[in-house]
Amino acid sequence: MPNLWTGSQWKVTNKGVETIDNRYFIEKSRVHDDEGGQWTWEDQMDEKGWVDMADFRRALAFARTKWPKK
């Protein structure tokens, strides 16, 4: 499956946001789940010591633009 966006650790595919090594996956229907809530995807990912947060933020921003909130 081709990547729509590729960073250093994260990528965006037609299915969602995931790590390049397929270690973590967020389905495209869930990229807006945290907006306006008590937690954010950024909070959740920041708790994990292995996440490149700058790259994750770029991937999530791209995905949210690609699949606008309905």
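The values are calculated or read from the model by the stated rules, or taken from the named source; none is laboratory data. Bear in mind the structure is a predicted one, so any value in this text is a computation, not a measurement. Using ideal geometry, Cβ is built from the backbone for each residue, glycine included, and neighbour counts are taken over all protein chains shown. The protein model used for the area step is the full one, side chains on, heavy atoms only, and it has no ligands, DNA or RNA in it. Shrake-Rupley method; radii C 1.70, N 1.55, O 1.52, S 1.80 Å.
Please go through region 49-66 and pick out each residue that is open to solvent by less than 60 Å² (accessible area, probe 1.4 Å) and either part of a loop (DSSP other than H, G, I, E, B) or basic (Lys, Arg) (or both). Give the derivation first.
Taking region 49-66 as the starting set, the residues that turn out to be open to solvent by less than 60 Å² (accessible area, probe 1.4 Å) are 51-56, 59-61, 63-64.
Correct list: Val51, Asp52, Arg64.
Kindly indicate whether any position in region 31-42 is open to solvent by 50 Å² or more (accessible area, probe 1.4 Å) and either modelled with pLDDT of 95 or more or in a helix (DSSP H, G or I) (or both).
No, there is no match, as no residue in region 31-42 is open to solvent by 50 Å² or more (accessible area, probe 1.4 Å) and either modelled with pLDDT of 95 or more or in a helix (DSSP H, G or I) (or both).
What number of residues within region 1-27 are of a type in the set (Asp, Glu) and surrounded by fewer than 16 Cβ atoms within 10 Å (Cβ to Cβ)?
To start, the set of residues in region 1-27 that are of a type in the set (Asp, Glu) comprises 18, 21, 27.
Okay, now just the ones that are also surrounded by fewer than 16 Cβ atoms within 10 Å (Cβ to Cβ), so 21, 27.
Total satisfying the criteria: 2.
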